[in-house]
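Reviewing the structure listed below.
The values are calculated or read from the model by the stated rules, or taken from the named source; none is laboratory data. Predicted model, so just to flag it, every value in this text is computed and none were measured. Neighbour counts run over all protein chains shown; Cβ positions are idealised from the backbone, glycine included.
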Amino acid sequence: MITQLNPPLPMMTSKGPALAHFLIDYGAETHLMWVCFLDENGACWTVPNPEVRMAPNWSLQRRYRDAPSPVATLKPTGQAAMPG
């Protein structure tokens, strides 16, 4: 079964950032396959489910695990720490 994603979903793939436009489900014995177009050059790749992650979205609190917490960057006075 193939499903068109509307709107396309921003994904992080093993090939780089991309937009997923379709999802293919071949059944219980296989991974879901995401049809993605790479941001870098528009190349189309079908990427198996273990090799994709949703792109981070700060508004939805979907962030990278290794990103520092905003609370950790605050000084005790409540002012943001200066980078450096």
- Matching strands (runs of 3 or more DSSP E) fully within the chain where at least 1 residues are of a type outside the set (Lys, Arg) and at pLDDT below 90: 52-54
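Looking at region 25-47, which of its residues are within 16 Å of the chain's Cα centre (by Cα) and either surrounded by fewer than 14 Cβ atoms within 10 Å (Cβ to Cβ) or among the small types (Gly, Ala, Ser) (or both)?
GLU40, THR46
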